[in-house]
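See below for the structure under consideration.
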Amino acid sequence: DAGITQSPRHKVTETGTPVTLRCHQTENHRYMYWYRQDPGHGLRLIHYSYGVKDTDKGEVSDGYSVSRSKTEDFLLTLESATSSQTSVYFCATEGTSRGYTFGSGTRLTVV
Amino acid sequence: GENVEQHPSTLSVQEGDSAVIKCTYSDSASNYFPWYKQELGKGPQLIIDIRSNVGEKKDQRIAVTLNKTAKHFSLHITETQPEDSAVYFCAAGSGYALNFGKGTSLLVTP
């Protein structure tokens, strides 16, 4: 979706290194979300934000942190990447009308 | 918290046939039920949604039904076409932060 940009699209990193994924939106949406997608698990919520500097944990938040210093940017950080964090990460925003809009995803491989 | 179960996990139909995907949810407070379609290499896209004050909603070949008493909702696709082949996710929630089912991989064969 043109209103949400995730970067990078692909990343390979080594175990134990820090990694930051970025989500940028141009829709001025208040709510933003980070999900991870794994085979057999569907989409699971990591963290979400309901405004600048306002964030909360989802069901699989261990090992992840987030920051939102501006409305348009929501960052997901893996402090020390592990192989279990190999996944496809999706950012989503929620406006006032029709539910979530998802980005194109970031495929992260931890070796 | 909310638990969303989705069935079947895979579904194969012939072009022109109908496809039905079913979901159940656990939290009676959930009042918003969207369906998403995900094509290979892309993010999920909203295709239809329904709120708890409505029992059925249609959009061309796609319809969603909701039974709040039984806590289940279904996606119906009629006259399926090869381009309907994708992974479909149901979700349920109230307010914000949706909970998703594990997905149904739909294959429409010519």
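The values are calculated or read from the model by the stated rules, or taken from the named source; none is laboratory data. Predicted model only: the values in this text are computed from it and were never measured. Every residue, glycine among them, receives a Cβ derived from its backbone with ideal geometry; neighbour counts consider all protein chains shown. Remember, those area values only see protein heavy atoms, side chains included, never the ligands or the DNA or RNA. Shrake-Rupley method; radii C 1.70, N 1.55, O 1.52, S 1.80 Å.
Using a Förster distance of 22 angstrom, determine the FRET efficiency expected from the C-beta separation of residue A:24 and residue A:109, and round it to 0.05.
So, using R0 = 22 Å, E works out to roughly 0.50.
In the stretch A:14-51, what residues drop by 50 Å² or more of accessible area when the other protein chains are put back, versus the chain on its own? Use 1.4 Å, and skip ligands and nucleic acids.
A:43
Between their Cα atoms, which of A:70/B:58; B:68/B:102; A:53/B:57; A:57/B:71; A:53/B:68; A:11/A:57 are more than 31 Å away from each other?
Flagged as over cut-off: A:70/B:58; A:53/B:57; A:53/B:68.
Test of understanding: in a Gaussian network model of chain B with alpha carbons linked when under 10 Å, which of B:77, B:21, B:47 would top the mean-square fluctuation ranking?
Comparing B:77, B:21, B:47 in the GNM, the peak value goes to B:47.
Any chance you could list the semi-axes, whole Å, largest first, of the equivalent ellipsoid that the Cα gyration tensor gives for the stretch A:43-111, using √(5λ)?
21, 14, 11
Does any residue of the stretch B:66-110 lose at least 30 Å² of accessible area with all protein chains in place compared with its chain alone, and if so which ones (probe 1.4 Å)?
Correct list: B:89, B:96, B:97, B:98, B:100, B:102.
Restricting attention to the stretch A:68-101, which trypsin sites (Lys or Arg not before Pro) occupy a DSSP loop and are surrounded by at most 13 other Cβ atoms within 10 Å?
Sparse-neighbourhood loop trypsin sites (Lys or Arg not before Pro): A:98.
Modelled label-to-label distance, residue A:5 and residue A:79, 7 Å Cα→beta-carbon offset: nm?
The modelled label-to-label distance comes out at 3.0 nm.
Return one whole number: the accessible area per residue of chain A in Å², for a 1.4 Å probe.
47 Å²
Taking 25 Å as R0, compute the FRET efficiency from the Cβ-Cβ separation of residue B:31 and residue B:81 and round it to 0.05.
After rounding to 0.05, the efficiency reads 0.20.
So which GluC sites (Glu not before Pro) in the stretch B:11-110 end up in coil per DSSP with only 16 or fewer other C-beta atoms within 10 Å?
In loop regions of the stretch B:11-110 (DSSP not H, G, I, E or B), the sparsely surrounded GluC sites (Glu not before Pro) are B:15, B:39, B:79.
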